[in-house]
Structure formats: structure tokens, C-alpha cells
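Each value in this text was obtained by applying a stated rule to the coordinates, not by laboratory testing. Every value quoted in this text rests on a predicted model; they were computed, and no experiment measured them. Positions of Cβ are generated from backbone atoms using ideal geometry, with glycine treated the same way; all protein chains shown enter the neighbour counts.
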Amino acid sequence: MPTKQQYTDAFIRNGDNSIKPMYAHHFFWYNIRKDGGLRVTTDGYEYLTKILNLEYFKIDTPNIDITNQYLIDLDRLIKCPYYMELGRWKKIILFDKKVYFALTMYNNDFEKFLRAHKL
């Protein structure tokens with residue numbers, strides 16, 4: 001599994017080079033710690049989808065309460081870049097087909113998926 005630094009380097013190398021490596025972690029990641037999760041910022045999401053044209057998979061999560069514990073669980077358990085659309089129609093957007101496929105095994109129930117992987 002690639003590290004956050006490897007993802008960041010790949011994004012910069014394959015993009016439009018407008019992002020300075022010194023600021024890349026702040027641009028792409030919510031959690032800028034080296035061992036933090038892979039949740040991307042809104043700017044990072046726009047960059048990945050519009051500039052890099054990466055394939056992504058949207059999962060509706062209308063009934064999930066976004067709590068601190070839920071965000072911590074996502075950071076620890078989702079091993080690919082992901083974005084969260086918040087608001088009235090909440091969604092999680094994954095940038096990895098394997099993680100998306102694993103989730104479909106839980107009938108796209110994100111809470112079941114997280115509970116199973118916490119064990």
C-alpha cells in the first residue's frame with residue numbers, strides 16, 4: 001500500500017506542477033501528519049478529479065452521523081485516498097477500486113464495513 005508521501009509525490013509528478021512540494025501536504029490532505037489518514041481536502045479532490053482525471057467511486061451515506069469517532073475510524077481503516085461530501089446528501093468518494101469492491105461485499109453499508117475492519 002502506498003504511503004501518503006508516495007501518493008503526494010505521484011499527484012504532483014502527474015499533475016500540472018502548479019503545487020509546490022513544500023505546500024503539497026496542506027493542499028491535498030486534511031490530516032497532514034505523515035502517519036495520518038488519507039482524507040483529501042476539497043482542493044485535493046478537485047485536483048484529483050479535474051486535473052488528474054482519476055477514477056473514483058461514490059457511496060451514498062445518508063444515514064451516517066459524522067462524529068469524531070467516525071472520522072478517526074475512517075482515517076485508520078480506509079487505506080486509499082477518499083473525500084467526504086458533507087451536507088444534505090452525504091457521500092464518501094473512494095479513489096481505489098479494491099476498497100470500493102470490499103465495501104460492496106457489505107452491501108455498501110459503510111458502518112458495517114468499518115465495524116468488520118475494526119476487529
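Values as computed for the structure displayed
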{"quantity": "Built amide H within the under 5 Å cut-off of Trp29, gap 5+", "calculated": "Thr41"}
{"quantity": "Antiparallel %, DSSP beta bridges [both residues in the chain], to 5", "calculated": "90 percent"}
{"quantity": "Which of Lys34, Lys90, Lys79 has the fewest Cβ neighbours within 10 Å, and the rest in rising order", "calculated": "Lys34, Lys79, Lys90"}
{"quantity": "Among Asn31, Gln5, Thr42 - extreme Cα towards positive end, dipole of the stretch 1-89, charges at beta-carbon", "calculated": "Gln5"}
{"quantity": "The chain - mean residue ellipticity at 222 nm from DSSP helices (-39,500 (n - 2.57) per run, n ≥ 4, rounded to 500)", "calculated": "-11000 deg cm²/dmol"}
{"quantity": "Rounded to whole Hz, the Karplus (6.51, -1.76, 1.60) HN-Hα couplings of the stretch 6-19, x for glycine and proline", "calculated": "5, 4, 4, 4, 5, 4, 5, 4, 9, x, 9, 6, 7, 9"}
{"quantity": "Alpha carbon convex hull of the chain, volume per residue in cubic angstrom", "calculated": "106 Å³"}
{"quantity": "Gain on full stretching of the segment that runs from Ile64 to Arg88 - 0.36 nm per residue minus C-alpha separation", "calculated": "7.5 nm"}
{"quantity": "Pairwise label distance in nanometres, His117 with Glu55, each label 7 Å out on the Cα-Cβ vector", "calculated": "1.8 nm"}
{"quantity": "Degrees between helix 68-77 axis and first principal axis of the chain (Cα, 0 to 90, nearest 10)", "calculated": "70 degrees"}
